[in-house]
Amino acid sequence: QVQLVESGGGLVQAGGSLRLSCVASGRIFTLPAMGWYRQAPGKQRELVASITSSSSTNYADSVKGRFTISRENANNTVYLQMDSLKPEDTAVYYCNKFPMVDRYWGQGTRVTVSS
């Protein structure tokens, strides 16, 4: 079984930055392709960014140029650096495999951006 634990969320003013972390533990030998997802109040969960095992990245248009996904394979950790945050980035952020696997959803970390 694989566990994913997200951290780093919080309350930040518009224009600010946060760095989210996702640590994978359990029966994992090599960190696979991973993604950061988010779910805003009243909206469906959406993919924000993904990174392959060779560190190729893709971003949703809404965050392109502001967010950066990265990985640290030795520590089974994936990061999401979020800069120039906007109120519309307010959501609970989750990491998961890419494509996502339902049984791997964790508790997420809440990000609130005030205007």
Open item on the list: On a 1.4 Å probe surface of the protein chains, which of Leu20, Leu11 comes out largest in accessible area, and what is the full order?
Closed with: Leu11, Leu20
Task: Student exercise, the chain dipole from Lys, Arg, Asp, Glu Cβ charges, in Debye to nearest 20 - done: 140
Task: Per residue value of the accessible surface for segment 31-115 (all protein chains in place, 1.4 Å probe), Å² - done: 52
Open item on the list: Computing the accessible area with a 1.4 Å probe over protein heavy atoms, can you report the carbon and sulfur percentage for segment 66-115?
Closed with: 45
TODO: Provide the per-residue ³J(HN,Hα) series for segment 60-71, in order, calculated from phi with Karplus coefficients 6.51, -1.76, 1.60 and θ = phi - 60°, each as a whole number of Hz, with x at glycine and proline positions.
DONE: 5, 4, 5, 10, 4, x, 10, 10, 9, 9, 8, 9
Open item on the list: 7 Å from Cα along Cα→Cβ at both Glu88 and Gln44: what's the point-to-point distance in nm?
Closed with: 1.8
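The values are calculated or read from the model by the stated rules, or taken from the named source; none is laboratory data. Because the structure is a prediction, the values reported are computed rather than measured. FYI the Cβ positions are ideal-geometry reconstructions off the backbone, even for glycines, and counts take in every protein chain you see. To get the accessible areas, we keep the full protein, side chains included, count just its heavy atoms, and leave off ligands, DNA and RNA. Shrake-Rupley method; radii C 1.70, N 1.55, O 1.52, S 1.80 Å.
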